[in-house]
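This report refers to the structure that appears directly beneath it.
Every read-out reported here was derived from the displayed coordinates using simple, explicitly stated rules and does not represent laboratory data. Because the structure is predicted, anything quoted here is derived from the model rather than measured. Don't worry about glycine lacking a Cβ; one is built from the backbone with ideal geometry, like all the others, and counts go over all protein chains shown.
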Ligand SMILES: Nc1ncnc2c1ncn2[C@@H]1O[C@H](COP(=O)(O)OP(=O)(O)O)[C@@H](O)[C@H]1O
Ligand SMILES: [Mg+2]
C-alpha cells in the first residue's frame with residue numbers, strides 16, 4: 001500500500017441539521033484514482049469541496065503531502081477541481097480558460113502560452129483555443145475543464161461527476177480516456193460518481209459512502225466481492241440477499257439454514273452457532289440448468305431481460321425471487337418454464353445481519 | 001431537477017459560510033453601510049418629509065376639502081378606466097405579436113416599443129396636434145373648433161400610452177407557454193376557443209393581472225398627460241403641481257401627493273409580491289419546439305385590423321410630432337419651414353442638459369445598483385433585506401411625490417445642494433434605482449456560484465474574482481441598467497418640474513412651457529430632437545451591451 005498522499009481525518013461538515021459529511025477518515029494514495037462512490041445526496045460533493053477548500057470543515061483535518069491545509073482558502077491549496085457542470089468561464093476563450101490559473105499564479109506570458117498550447121494539444125483541443133467554450137460539444141467542454149485544472153499542475157485533481165453530463169455512449173469512451181490521461185500523468189485523483197459501474201471500471205480504490213459516512217474502502221474487486229455490509233453489497237453490483245441462521249461451525253465449513261435449505265460454505269471462524277446473518281448471492285454465484293442434479297433446487301423463470309452479452313433472469317424459488325445472469329447462448333427460454341438452480345457455495349458471501 | 005435544487009441549497013449554504021467570513025471583511029461592512037446611508041438620505045428621508053409635512057389635522061380635514069375629493073375621485077376613475085382598456089388592448093395586441101407567424105409582427109412590436117422610449121407626454125402632445133382645437137382631424141378634417149380636452153381624451157391617451165406595457169408583459173407570458181400544452185389540449189379534442197378558454201387564458205392570467213397592476217401604477221403616477229390633455233379634470237398629481245406652481249402651497253401639495261402613496265404602494269406590492277409569485281412554473285422536458293397552429297382565419301383578420309388601427313394611430317401621432325416640427329402654423333398655415341428648428345436651437349442647452357443629467361444619473365444608478373446587488377446577492381450582507389427593500393422602494397413612489405420630497409429636503413436654503421443640477425441628477429438616480437437594481441440582480445443571479453468557486457480554485461482572490469467573474473459577466477446587464485435609467489431620466493417630467501431652476505432647465509420642461517404658450521410647432525421640433533438623440537444613445541448602448549436589451553419599464557416582477 002502506498003503512503004497516504006491526501007489524508008482526511010474525522011472530517012465533519014453540517015448544513016443546518018444535515019450531516020453532509022460525518023466523521024470521514026480516508027487515506028488517498030499517490031498517483032492513483034480514488035473514487036468516492038455513493039447515492040445522490042450522500043455527501044460526495046461536499047467532501048470534495050472540503051478538500052478543495054470552498055468551505056471549512058466543522059471538525060477534522062485535511063493533509064496534503066503531510067501538510068495541514070484545512071485552514072487554507074482554495075486559492076492556496078494545490079488542488080484543482082473539475083465541476084460537474086464544468087463551470088467554464090463563458091466570457092473567455094478556451095485558451096484563456098486554460099490559461100486562467102497560470103495567470104493567477106503569475107507565470108510569465110511566454111510560459112503561459114507554451115503550457116496552454118501543450119495542454120490543449122495533449123487533450124486534442126489544439127484547434128479550439130480561440131473558440132468560446134459555449135460553442136463546443138459536451139465532450140469538448142469536459143476536456144477544456146480538465147485542461148484548465150491540469151494546467152496548474154495540481155498535486156491533487158478533483159473530479160466531481162465529470163462524466164454525468166455526457167450521453168451514455170460518450171461516457172464510456174471518455175471514461176477510458178480519462179483513465180489513460182490519469183495514468184500517463186500519474187496524477188493523484190479523487191473522482192466522484194454515483195455510478196457503480198463507472199467507479200469499478202476507473203478506480204484504483206473505491207470509498208463507498210452513505211449518508212455522509214464512508215462504509216468501506218478497498219479495491220474495486222474487494223468492494224464488489226467482499227462487501228462489508230448490506231449497503232455496500234447492494235450499491236455495488238447486483239445482489240440477492242437471503243436471511244440465514246448459523247447451525248454449526250465445523251472445520252469443514254459453516255452450516256447455514258436458509259429459505260433455500262441447508263447450505264455449507266467453506267470454513268469461516270468469525271461466526272458462532274445460532275447467529276443470524278445475511279447471505280449475499282451475486283448473480284454469477286447462481287447457475288441454471290434444465291436437468292436436476294445433486295444440490296439443485298427447482299425454480300421457475302418469471303421474466304428475462306436481455307442485456308446484450310448476458311441475460312438476466314428473475315427466477316422464482318419457493319417464495320423468493322432471485323436474479324441470475326446467464327451468458328447469452330442464442331436460444332431463449334420462455335417465462336414460466338421449469339428450471340433447476342445451482343448455488344456455487346464457493347462464491348457466496350456472508351454479511352452480518354443488520355437489525356431490521 | 002434535483003441538481004437544480006441542490007444548487008440552490010448550495011447557494012444558501014455558501015451564504016451562511018460567507019456570513020461568518022463577513023465579519024472579517026471591513027470592506028464589505030464599510031461599503032454596505034455607505035450604500036445604506038445613501039439610501040436613507042436620498043430615498044427614505046424625502047419620502048418621510050412629504051408624509052410628515054402636513055399636520056395630522058390636515059389629514060383629518062381632507063374629506064372637507066372639495067378640490068381634494070374631486071382630484072381623488074377623478075384619479076381613481078381614470079386609473080380604473082385606463083387600466084381596463086390598456087389591459088384589454090394590450091392583451092389583444094399581445095395575442096398578435098406573440099405569434100411568430102403573425103403578418104407584420106416586427107412592425108407591430110416596434111409600434112408598441114416606441115412609446116416607451118419617448119417622453120411620457122409625447123402621446124398626449126401629438127393627440128393635441130391631431131384632435132386639438134386646430135387638430136388635423138378635428139379641425140382640418142371635420143372643421144370642428146371644439147376643445148377636446150377633458151377626461152375622455154385623457155382616457156384615450158392613457159390607453160395608448162400604457163397598453164404597450166401590458167402588451168409586452170402579456171406577450172412574454174403567451175410566448176413562453178409551451179405550444180405542446182395547447183397541442184395536448186387540442187389532441188384531447190378541444191377546439192380553438194375551448195383551448196384558449198381552458199389553457200391559454202388561465203396560464204396567462206397571472207401575467208394579465210401583473211400587467212394590469214403595472215399599468216395602474218403608471219396611470220396613477222402619470223403627470224404629464226393630464227397636464228396637457230386633462231383640461232379641467234384635476235387629478236392628484238396635477239393638482240399637487242398647481243398648488244406649488246400657482247400658489248406656493250406646499251402643504252396642499254404634500255397632502256395631495258401623500259394621497260398617491262398608499263394606492264401606489266399597494267399596487268406595487270401587489271404586482272411584486274403577489275402576482276409575480278403566481279406565475280406558473282412550466283413543467284416540461286426538452287425539445288418542446290412545436291409550431292403553434294395558425295389562428296382561425298376570421299380571428300387573424302380581426303386581430304390584424306385591430307392592431308393595424310392601434311399601430312396606425314401611434315404612427316400617425318408620431319408622424320404628427322415630426323411634421324409639426326416642419327410646419328409654419330399648425331392647423332392654419334401648412335407651409336413647410338425650418339424656422340421651428342431655430343427655436344429648437346435656442347433650447348439646445350436644455351436638450352444637452354437632459355442628456356447629460358440623465359446619463360450621469362444613469363451612471364450613478366448603475367454603479368449603486370450593481371454594488372447593492374452584489375452585496376445582497378453575493379456577500380450576504382447582514383442587513384441585505386433592508387438594503388433590498390430600500391433599493392426597490394422608489395418604484396412604489398410616484399414621480400410627483402419624489403420630486404416634492406426632494407424639493408422639501410434638498411432645495412431649501414442652507415442645504416449646499418439647493419438649486420443645483422445635482423439635486424435633479426440625484427432624484428433621477430434614486431427614482432430609477434429599482435430598475436437598475438433589478439437588472440443587476442437578475443444579471444448576478446445568472447452567474448452560477450460555481451463560476452466564482454472555479455476562479456478561487458484556480459488561484460484568484462476576492463477582488464480578482466469580483467473583477468474577472470462578476471463584473472465581466474454582468475457588464476451587459478450594467479449597460480442595460482444604464483440604458484433604462486438614461487431613458488427614464490431623459491423623458492422624465494414629473495420630477496423635473498419641481499426641481500428645475502435657473503441654469504439646469506431640461507428639455508421636457510421647456511417642451512411643456514412651449515405647449516403652454518401654444519407654440520406647438522416649436523414644441524414638436526424640440527420633442528423630435530430629444531427623441532432622436534435618445535434613440536441614438538439607446539441604439540449605441542444596445543450595440544455595446546451585446547444583446548442584453550432591456551425595454552424601460554417592462555421588467556419581470
Ligand atoms: N450548500 C448546502 N446547503 C445545505 N445542504 C447541503 C448543501 N450542500 C449539500 N447539502 C446537503 O448535504 C447532503 C450531501 O450533499 P452533496 O454533498 O451534494 O451530495 P452528493 O454530491 O453525494 O450528491 C445532501 O443532503 C444535501 O442536501
Ligand atoms: Mg454531487
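To the nearest Å, what is the center-to-center distance of the stretch B:202-264 and the stretch A:1-63, using C-alpha atoms only?
61
Rounded, prolate or oblate: which fits the stretch B:170-240, taking a ≥ b ≥ c as square roots of the Cα gyration tensor eigenvalues, rounded meaning a/c under 1.5, else prolate when a/b beats b/c?
Note, shape of the stretch B:170-240 comes out prolate.
Once each part is reduced to its C-alpha centroid, what is the distance from the stretch B:102-133 to the stretch A:251-280 in angstrom?
89
Using the Kirkwood radius built from alpha carbon pairs, what does the Stokes-Einstein equation give as D for the protein assembly as shown at 37 °C and 0.692 mPa s, in µm² per second?
Estimated diffusion coefficient is 99 µm²/s.
Using the alpha carbons of the stretch A:170-269, what is the convex hull volume per residue in cubic angstrom, as a whole number?
143
Test of understanding: ordering B:506, B:409 by Cβ neighbours within 10 Å, fewest first, what list do you get?
Least crowded to most crowded, the residues run B:409, B:506.
Which angle between 0 and 90 degrees, to the nearest 10, do you get for helix A:138-151 versus the longest principal axis of chain A when only C-alpha atoms count?
60
Calculated FRET efficiency, residue B:249 and residue B:41, Cβ-Cβ r, R0 25 Å, to nearest 0.05?
Rounded to the nearest 0.05, the efficiency is 0.40.
Please report, to two decimal places, log10 I(q)/I(0) for the stretch A:5-58 at q = 0.32 Å⁻¹ as given by the Debye formula with identical point scatterers on the Cα atoms and no solvent.
Each listed q maps to, in turn, -1.47.
Can you classify chain B as rounded, prolate or oblate using the Cα gyration tensor, where a ≥ b ≥ c are the square roots of its eigenvalues, rounded means a/c under 1.5, and otherwise it's prolate if a/b beats b/c and oblate if not?
Taking the square roots of the gyration eigenvalues as a ≥ b ≥ c, chain B is oblate.
Mind giving me the nanometre distance, one decimal, between the label points for residue A:241 and residue B:265, set 7 Å out from Cα along Cα→Cβ?
Going by the 7 Å Cα→Cβ label model, 6.0 nm.
Mind checking which of A:51, A:190, A:279 has the largest fluctuation in a GNM of chain A, springs on alpha carbons under 10 Å?
Among A:51, A:190, A:279, the largest GNM mean-square fluctuation belongs to A:279.
How many nm separate the modelled label positions at residue A:135 and residue A:347, each set 7 Å beyond the Cα in the direction of the Cβ?
5.3
Take the Cβ-Cβ distance between residue B:61 and residue B:316 as r, set R0 to 51 Å, and report the resulting FRET efficiency rounded to the nearest 0.05.
0.60
Helix-only mean residue ellipticity at 222 nm, chain B, DSSP H runs n ≥ 4 weighted -39,500 (n - 2.57), per residue, nearest 500. What is it?
-22000 deg cm²/dmol
Could you list A:164, B:55 in order of exposure, starting from the residue whose Cβ has the fewest other Cβ atoms within 10 Å?
The most exposed by this proxy come first: B:55, A:164.
For Cα pairs less than 8 Å apart in space and 6+ apart in sequence, what is the mean separation divided by the residue count of chain A, i.e. the relative contact order in percent?
Averaging sequence separation for qualifying contacts and normalising by length gives 15 percent for chain A.
Over chain A, with a Gaussian network built from C-alpha contacts below 10 Å, which listed residue (A:78, A:137, A:251) shows the highest mean-square fluctuation?
A:251
Which peptide among B:436-449, A:171-184 comes first, and what is the full order, when sorted by highest mean count of other Cβ atoms within 10 Å?
B:436-449, A:171-184
Over chain B, what is the mean sequence separation of C-alpha contacts under 8 Å (at least six apart), divided by residue count, expressed as relative contact order in percent?
Over chain B, the number comes to 21 percent.
Kindly provide the pair-distance distribution of the stretch B:196-279 built from C-alpha pairs, with 10 Å bins from 0 and whole-percent values in order of increasing distance.
Pairs per bin, as whole percents: 17, 35, 25, 16, 6, 1.
Across the residues of A:74-83, average count of Cβ atoms on other protein chains within 10 Å?
For peptide A:74-83, the averaged partner shielding equals 4.
Tell me the Kirkwood radius of chain A: reciprocal of the mean inverse pair distance over distinct alpha-carbon atoms, in Å.
23.0
Could you work out, residue by residue across A:13-24, how many beta carbons of other chains sit within 10 Å of that residue's beta carbon, and then give the average as an integer?
So the per-residue partner count for this stretch is 1.
Comparing A:311, A:49, A:117, which has the greatest mean-square fluctuation in the GNM of chain A with Cα pairs linked when under 10 Å apart?
Looking only at A:311, A:49, A:117, the biggest GNM fluctuation is shown by A:311.
According to a simple spin-label model (label point 7 Å from Cα along Cα-to-Cβ), what is the distance in nm between residue A:114 and residue A:71?
Placing both labels 7 Å beyond Cα along the Cβ direction yields 3.8 nm.
Mean projection of the alpha-carbon convex hull of the stretch A:212-351 over all orientations, in nm²?
Computed as one quarter of the Cα hull surface, the answer is 9.8 nm².
With everything on Cα atoms, drop me the angle between helix A:109-122 and the longest principal axis of chain A, reported from 0 to 90° to the nearest 10.
Roughly 30 degrees between the two axes.
Along the Cα-to-Cβ line of residue A:185, 7 Å from the Cα, sits a label point; which residues in the stretch A:124-159 have backbone N less than 16 Å from it?
Of the residues in the stretch A:124-159, A:124-126, A:140-159 have backbone N under 16 Å from the label point off residue A:185.
Would you mind classifying the stretch B:35-94 by shape? Square roots of the alpha carbon gyration tensor eigenvalues, ordered a ≥ b ≥ c; an a/c under 1.5 is rounded, otherwise it is prolate if a/b is larger than b/c and oblate if not.
In terms of gyration-tensor shape, oblate.
Hey, got the average number of other protein chain Cβ atoms within 10 angstrom for residues in A:86-99?
Other-chain Cβ atoms within 10 Å of each residue's Cβ, averaged: 3.
Hey, what's the Cα Rg ratio for the stretch A:77-165 versus the globular rule of thumb, 2.2 N^0.38 Å?
0.98
By how many degrees, 0 to 90 and rounded to 10, does the Cα axis of helix A:94-104 deviate from the longest principal axis of chain A?
Orientation of helix A:94-104: about 70 degrees from the principal axis.
When ranked by the protection proxy of mean other Cβ atoms within 10 Å per residue, highest first, what sequence do the peptides B:467-474, B:166-173, A:138-145, A:314-321 form?
Highest-to-lowest ranking by the protection proxy: B:166-173, A:138-145, B:467-474, A:314-321.
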